[in-house]
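Engineer: The structure's right below; bear with me while I get my questions together.
The values are calculated or read from the model by the stated rules, or taken from the named source; none is laboratory data. Treat the numbers as computed from the prediction; the structure is a model and nothing was measured. Methodologically, a virtual Cβ is constructed for each residue, glycine included, from the backbone with ideal geometry; neighbour enumeration extends over all protein chains shown. Note: accessible area is taken over every heavy atom of the protein model, side chains too, but ligands, DNA and RNA are not part of it. Shrake-Rupley method; radii C 1.70, N 1.55, O 1.52, S 1.80 Å.
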Amino acid sequence: MAKYILKRLAVSIVTLFVLITVVFVLVRVMPGDPFTGEKITPEIKANLEAYYGFDKPLPVQYFTYVGNLLKGEFGYSMKFMNRSVGDIIALSFPYSFDLGMRALTLSISLGLIFGILAARNRGKKLDLFCVVVAILGTSIPDFIMGALLQYVFGIEWGLLPVAQYLGFQYTILPSIALGFYTLAMVSRMMRASMLEVISQDYIKTAKSDGISNLRIVWRHQIRNAIMPVVTMLGPVVAATLTGTFVIESIFAIPGMGKYYVESVQNLDYSLVLGMTVFFGGVMIFANFLVDVLYGIIDPRIRLEGK
């Protein structure tokens with residue numbers, strides 16, 4: 001198991017290095033100039049470029065940036081004066097992480113339950129209900145779902161607050177809006193996977209051997225059916241934890257999405273690069289955890305080294 005984990009860790013490190021390189025080059029060739037404006041004279045522009053290291057050759061800029069990353073430094077924002085990219089991430093990420101964890105806990109747990117119940121009750125009313133929920137979740141965009149929740153539960157019924165992020169009751173609506181799509185995807189995939197597993201010969205053999213129905217469902221059906229679901233969790237977890245701009249904007253949550261979009265609009269190269277690398281790092285780490293989880297769920301994977 002240790003060899004398998006080290007191999008996946010090495011792949012993750014190489015992937016992160018490639019990501020940093022590609023993003024650095026793309027940010028540097030982005031059209032536009034962050035140092036433009038009515039009050040920016042050629043002398044001021046030259047000083048700003050020297051301050052941020054833009055006056056040096058591209059390879060020198062790259063190795064300097066990588067060296068700073070190894071020390072945990074993302075540089076300073078070009079638009080938010082006297083604020084480092086690391087400070088902005090540290091300020092905004094906890095909101096996105098908290099919201100993402102709540103949404104993931106809700107969506108994954110309910111999605112698995114709905115998928116299992118739908119497969120076990122194929123063709124019945126419960127199956128139809130779960131299928132309808134899955135279709136709605138994959139059909140309704142996040143911003144529509146968020147607006148509907150705000151109108152119904154916040155404005156029409158007055159049960160929950162519609163904006164800000166000041167306590168538990170403020171997290172309910174954005175968590176549902178953010179996690180509803182994931183809930184639908186997990187439910188649909190788990191249902192399809194369960195139906196495929198249920199029809200396998202080894203399930204029929206287990207039943208003929210007199211094994212209890214509960215043991216068959218837990219040890220044979222769920223354990224084998226959950227593998228395709230685990231496959232999709234890596235990128236889904238990373239995207240959810242780092243925040244969704246639409247949901248954060250609708251509910252006025254000061255998460256990463258707000259700063260990320262503003263950095264692109266303002267041509268804040270340092271913030272764009274820092275947040276992209278951070279987001280990519282979270283996604284790579286999430287996929288690494290998924291690979292490890294693969295090995296735990298299915299020993300054949302770690303033994304074969306795949």
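Engineer: In segment 48-68, which residues are open to solvent by 70 Å² or more (accessible area, probe 1.4 Å) and within 25 Å of the chain's Cα centre (by Cα)?
Structural biologist: Matches in segment 48-68: none.
Engineer: Another question, then. Considering only segment 1-47, state which residues are over 34 Å from the mean Cα position of the chain (by Cα), open to solvent by 50 Å² or more (accessible area, probe 1.4 Å) and either among the small types (Gly, Ala, Ser) or modelled with pLDDT of 80 or more (or both).
Structural biologist: Selection gives Thr41, Pro42, Glu43, Ile44, Lys45, Ala46, Asn47.
Engineer: For the structure I just gave you, tell me whether Lys71 is open to solvent by 80 Å² or more (accessible area, probe 1.4 Å), within 30 Å of Asp291 (Cα to Cα), out of contact with any Ser or Thr (no Cβ under 6 Å at 6 or more places or on another chain) and of a type in the set (Lys, Arg).
Structural biologist: Against the criterion (open to solvent by 80 Å² or more (accessible area, probe 1.4 Å), within 30 Å of Asp291 (Cα to Cα), out of contact with any Ser or Thr (no Cβ under 6 Å at 6 or more places or on another chain) and of a type in the set (Lys, Arg)), Lys71 qualifies.
Engineer: Identify, from the list Arg215, Arg188, the residue that is part of a helix (DSSP H, G or I), under 29 Å from Phe285 (Cβ atoms) and either of a type in the set (Lys, Arg) or in contact with a Lys or Arg (Cβ under 8 Å, 6 or more places away or on another chain) (or both). Please lay out each step first, then the result.
Structural biologist: Details: Arg215 fails: under 29 Å from Phe285 (Cβ atoms).
Arg188 is the lone residue from the list that is part of a helix (DSSP H, G or I), under 29 Å from Phe285 (Cβ atoms) and either of a type in the set (Lys, Arg) or in contact with a Lys or Arg (Cβ under 8 Å, 6 or more places away or on another chain) (or both).
Engineer: Next up: Can you work out which of the residues in segment 232-255 that are among the aliphatic types (A, V, I, L, M) and either open to solvent by less than 10 Å² (accessible area, probe 1.4 Å) or modelled with pLDDT of 80 or more (or both) is farthest from Gly111 (Cα to Cα)?
Structural biologist: Only one residue fits best here, namely Ala252.
Engineer: Okay, moving on. Being touching a residue at least 60 places away in the same chain (Cβ under 8 Å) and closer than 30 Å to Arg223 by Cβ narrows it down to one of Ser175, Ser199, so name that one.
Structural biologist: On the way: Ser199 fails: touching a residue at least 60 places away in the same chain (Cβ under 8 Å).
So the residue among Ser175, Ser199 that is touching a residue at least 60 places away in the same chain (Cβ under 8 Å) and closer than 30 Å to Arg223 by Cβ is Ser175.
Engineer: Right, here's the next one. Failed condition for Phe278, given (1) under 22 Å from Val25 (Cα atoms); (2) at pLDDT 85 or above; (3) buried (at least 22 other Cβ atoms within 10 Å of the Cβ), with all others met?
Structural biologist: That leaves (3) as the condition not met.
Engineer: Please go through segment 202-225 and give me each residue that is in contact (Cβ under 8 Å) with a residue 40 or more places away in the chain and either out of contact with any helix residue (DSSP H, G or I) (no Cβ under 7 Å at 6 or more places or on another chain) or of a type in the set (Lys, Arg) (or both), ordered by number.
Structural biologist: Hits for segment 202-225 are Val217, Arg223.
Engineer: Separate question: So how many residues does segment 82-130 have that are open to solvent by less than 10 Å² (accessible area, probe 1.4 Å), closer than 19 Å to Leu183 by Cα and of a type in the set (Ser, Thr, Tyr)?
Structural biologist: 2
Engineer: Looking at (1) at pLDDT 90 or above; (2) open to solvent by less than 50 Å² (accessible area, probe 1.4 Å), which is the only condition Ser77 fails?
Structural biologist: (1)
Engineer: Among Ile172, Ile176, Ile211, which is more than 25 Å from Asp127 (Cα to Cα), at pLDDT 85 or above and open to solvent by 40 Å² or more (accessible area, probe 1.4 Å)? Before you say what the answer is, go through the steps one by one.
Structural biologist: Details: Ile176 fails: more than 25 Å from Asp127 (Cα to Cα); Ile211 fails: at pLDDT 85 or above.
None of the others qualify; the one that does is Ile172.
Engineer: Something else now. If a residue must be over 25 Å from Ala103 (Cα atoms), assigned to a helix (DSSP H, G or I) and in contact (Cβ under 8 Å) with a residue 24 or more places away in the chain, how many such residues does segment 241-273 contain?
Structural biologist: Qualifying residue count for the region: 6.
Engineer: What is the one condition in (1) modelled with pLDDT under 90; (2) in contact with a Lys or Arg (Cβ under 7 Å, 6 or more places away or on another chain); (3) of a type outside the set (Ser, Thr, Tyr); (4) open to solvent by less than 10 Å² (accessible area, probe 1.4 Å) that Leu195 does not satisfy?
Structural biologist: So Leu195 meets the others, but not (4).
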